[in-house]
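Below: one structure, written as structure tokens.
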Amino acid sequence: MASAPVSVLIADDDPIVRTGLRTLLSAQPGVEPVAEASNGAEVLTLVRRSRPDVVLMDVRMPGMDGIEATRRLRETVPEPPKVIVITTFENDEYVYGALRAGANGFLLKRSDISRIADAIRVVAQGDALLFPEAIRSLATTLAHPPGNAHGPIALTPREAEVLRLIAQGLSNRDIATRLYLGLETVKTHVRSILTKLNAGNRTEAVIMAYESGFIRPRTK
């Protein structure tokens, strides 16, 4: 039996962008656009009405922007949808702000539609980091000075090992294989990490690890 498609809300203040994304994503397997929003306030209303699995969120919108909308989704919506930020510029402080507010990852608007659809499916599954190299690049450029943002991160040695592998982009299954652990054991470690860091998802936990200096971004 085939699994249900991933339902997607598209949020962008440009109606041409929304229409284009909806048309192209509708032709992708396993993805179903269900609603469109032109600003953050509409996102909050439509999420409660449509209950999408994923929000494809522009960060620069009039009124309530994508950063604030992402933050409010996390704070006010039970079991909020996953959020993928879409942006024109890769090293964008707005994007980094959205990741710190709880977004699960980001994409460039010029990305191929198949890449966008793949990202939607990965984020919906929820056990892998979306484009870890790009997140590391943002952290290298825009993170606060190490040690000044969150204080020390108190994890067990095993949890620390798991967090570092999450930052590399490994899924729970990949981590289980790498560390010779059971999948459920890895899931327990991940839940404990998120709880201890008060992080809403893997991306936020990794951002916090970079900002605290727990993980040092490698520079070329």
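The values are calculated or read from the model by the stated rules, or taken from the named source; none is laboratory data. In this text the structure is predicted, and so the values were computed from the model without any measurement. No Cβ is skipped: glycine too gets one built from the backbone with ideal geometry, and neighbour counts run over all protein chains shown. Ligands, DNA and RNA are stripped out before the accessible areas are found, and what is left, the full protein with its side chains, is counted by its heavy atoms. Shrake-Rupley method; radii C 1.70, N 1.55, O 1.52, S 1.80 Å.
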Identify, by number, the condition in (1) touching a Phe, Trp or Tyr at 6+ places or on another chain (Cβ under 6 Å); (2) modelled with pLDDT under 90 that residue 85 doesn't meet.
-> (2)
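Every residue, every condition in (1) of a type in the set (Lys, Arg); (2) buried (at least 18 other Cβ atoms within 10 Å of the Cβ); (3) touching a residue at least 24 places away in the same chain (Cβ under 8 Å), yes or no:
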{"residue": "104", "(1), (2), (3)": "no, yes, yes"}
{"residue": "109", "(1), (2), (3)": "yes, no, yes"}
{"residue": "112", "(1), (2), (3)": "no, no, no"}
{"residue": "115", "(1), (2), (3)": "yes, no, no"}
{"residue": "119", "(1), (2), (3)": "no, yes, yes"}
{"residue": "123", "(1), (2), (3)": "no, yes, yes"}
Output the number of residues of the range 77-96 satisfying the condition of being part of a helix (DSSP H, G or I) and either open to solvent by 20 Å² or more (accessible area, probe 1.4 Å) or closer than 16 Å to residue 17 by Cβ (or both).
-> 2
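Here is a yes/no grid of residues against (1) of a type outside the set (Lys, Arg); (2) open to solvent by 30 Å² or more (accessible area, probe 1.4 Å); (3) modelled with pLDDT under 95; (4) more than 18 Å from residue 104 (Cβ to Cβ):
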position: 9; (1), (2), (3), (4): yes, no, no, no
position: 43; (1), (2), (3), (4): yes, no, no, no
position: 47; (1), (2), (3), (4): yes, no, no, no
position: 52; (1), (2), (3), (4): yes, no, no, no
position: 55; (1), (2), (3), (4): yes, no, no, no
position: 58; (1), (2), (3), (4): yes, no, yes, no
position: 62; (1), (2), (3), (4): yes, yes, yes, yes
position: 65; (1), (2), (3), (4): yes, yes, yes, no
Residues (open to solvent by 80 Å² or more (accessible area, probe 1.4 Å) and modelled with pLDDT of 75 or more) located in the range 139-153 | 141
Do you know which residues across the range 123-136 are at pLDDT 90 or above and under 28 Å from residue 213 (Cβ atoms)?
-> 123
Would you mind stating whether residue 184 is in contact (Cβ under 8 Å) with a residue 12 or more places away in the chain and either open to solvent by 50 Å² or more (accessible area, probe 1.4 Å) or over 19 Å from the mean Cα position of the chain (by Cα) (or both)?
-> no
Subset of the range 201-220 that is surrounded by fewer than 20 Cβ atoms within 10 Å (Cβ to Cβ) and not polar (S, T, N, Q) - its residue that is nearest to the chain's Cα centre (by Cα) | 217
Out of (1) in contact with a helix residue (DSSP H, G or I) (Cβ under 6 Å, 6 or more places away or on another chain); (2) in a helix (DSSP H, G or I); (3) open to solvent by 20 Å² or more (accessible area, probe 1.4 Å), what's the single condition that is false for residue 99?
-> (3)
Checked the range 14-35 for anything surrounded by fewer than 18 Cβ atoms within 10 Å (Cβ to Cβ) and closer than 14 Å to residue 66 by Cβ; matches are 14, 17
Of all residues in the range 163-178, how many are open to solvent by 20 Å² or more (accessible area, probe 1.4 Å) and aliphatic (A, V, I, L, M)?
-> 1
Matching residues in the range 110-135 - criterion: being over 11 Å from the mean Cα position of the chain (by Cα) and part of a helix (DSSP H, G or I) = 113, 114, 115, 116, 117, 118, 121, 125, 133, 134
